[in-house]
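Some notes on the structure that comes next.
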Amino acid sequence: MSIVTRFAPSPTGALHLGHAHAALLANTLARRAGGRFLLRLEDIDPGRCRPEYAAGIEEDLAWLGLRWDGPVRVQSRHFPDYAAALERLAGRGLLYPCFCTRADISREVAQAAHAPQASHARHAPDGVPLYPGTCRMLAPNERAARIAGGMRYAVRLDIARALAAVPEKLVFDEGGVLHPCDPARFGDVVLARKDAPASYHLCVTHDDAVQGVSLVTRGEDLRPATDLHRLLQTLMGWPAPRYIHHKLLTDASGRRLAKRDRAASLRDLRAQGLTAAEVRALAGFPD
Ligand code: GLU
């Protein structure tokens, strides 16, 4: 079976050397195997994504010498597809609407921390406070009344029910080694946001499935998310890709590169007169 990889940046800023490393890795693995390399723009966050960043990403990658197969998939053009996936999960009773604000959740979490049976983990691996389940307990008529009253809501996965609906033990394959998954660490994760009809976890697994991505390469910061992604894939009957979580590039002081570090942006390196070959080498892929 031919290998399909992808680079899936969010257009929330300029690409830096770390992105170049990720894109070059995905491209190299695909090309070496005679497979396909795809580009996907994960632009569902209306507050942070900008069209000019999206245009910049394509330009920077082309300058770097990368060519992707087929058209770029732009997530914000596929909201109906994500809604359909949510419907399937909702039909199995695995979702519920959550009306809480961030402040509500912080308050509840702080109160729960004082309770005698307080659990140790207060945050999901991505740093989001673990949801205490307030809206999971709402009576159906209360839910209906709030929705009819126009209250905005996010949609959460009932993680306990979701895990109960999955018969087998979840694992992910990295380099032929099967790693056990622990998606419960995410609690009742948000699958559709108040300000966007989908969430990263839903869209990324949906798109990897519909695009036939067979090898997901991404930074090791996303390794915990893979546990949750395997749960969603199993619930939805989507295939399990193989995974590679690569090291994140750091600056001279050992800090992980971020979009705010302008010095390492591909744009600035190019403006400083570096050639694409030099930048590829800096990103760990000498010609
Ligand atoms: N869009 C995500 C990011 O820019 C990457 C998603 C992924 O590779 O799974 O961090």
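The values are calculated or read from the model by the stated rules, or taken from the named source; none is laboratory data. Just so you know, these numbers come straight off a predicted model, no measurement behind them. Cβ placement follows ideal geometry from the backbone for every residue including glycine, while neighbour counts extend to all protein chains displayed.
Below, the figures for the structure above:
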{"quantity": "Unique residue being within 13 Å of the ligand (Cβ to nearest atom), under 28 Å from residue 240 (Cβ atoms) and charged (D, E, K, R) when the list is 42, 87", "calculated": "42"}
{"quantity": "Unique residue being away from the ligand (no atom under 13 Å from the Cβ) and among the charged types (D, E, K, R) when the list is 6, 50", "calculated": "50"}
{"quantity": "Residues located in the stretch 53-79, provided they are surrounded by 15 or more Cβ atoms within 10 Å (Cβ to Cβ), away from the ligand (no atom under 16 Å from the Cβ) and over 26 Å from residue 271 (Cβ atoms)", "calculated": "79"}
{"quantity": "Checking residue 215 against (1) more than 20 Å from residue 35 (Cα to Cα); (2) within 13 Å of the ligand (Cβ to nearest atom); (3) surrounded by fewer than 20 Cβ atoms within 10 Å (Cβ to Cβ); (4) of a type in the set (A, V, I, L, M), the condition it does not meet", "calculated": "(1)"}
{"quantity": "Residue in the stretch 109-133 that is modelled with the highest pLDDT, counting only those that are out of contact with any helix residue (DSSP H, G or I) (no Cβ under 6 Å at 6 or more places or on another chain) and not in a loop (DSSP other than H, G, I, E, B)", "calculated": "123"}
{"quantity": "Long-range neighbours under 8 Å by Cβ, at least six apart or interchain, first residue over 19 Å from residue 246 (Cβ atoms) within the stretch 210-231, second within 13 Å of the ligand (Cβ to nearest atom) and part of a strand (DSSP E or B)", "calculated": "211/6; 211/38; 211/40; 211/73"}
{"quantity": "Tally of residues being modelled with pLDDT under 95 and touching a helix residue (DSSP H, G or I) at 6+ places or on another chain (Cβ under 8 Å) across the stretch 50-76", "calculated": "0"}
{"quantity": "Filter result for the condition that a residue is in a loop (DSSP other than H, G, I, E, B) and touching a helix residue (DSSP H, G or I) at 6+ places or on another chain (Cβ under 9 Å), over 93, 18", "calculated": "93"}
{"quantity": "Subset of the stretch 153-174 (residues that are in a loop (DSSP other than H, G, I, E, B), at pLDDT 95 or above and closer than 21 Å to residue 214 by Cβ)", "calculated": "170"}
{"quantity": "Any hit, the stretch 257-272, residues being among the small types (Gly, Ala, Ser), part of a strand (DSSP E or B) and away from the ligand (no atom under 12 Å from the Cβ)", "calculated": "yes"}
{"quantity": "Residue match in the stretch 199-215 (condition: polar (S, T, N, Q) and either more than 21 Å from residue 40 (Cα to Cα) or not in a loop (DSSP other than H, G, I, E, B) (or both))", "calculated": "yes"}
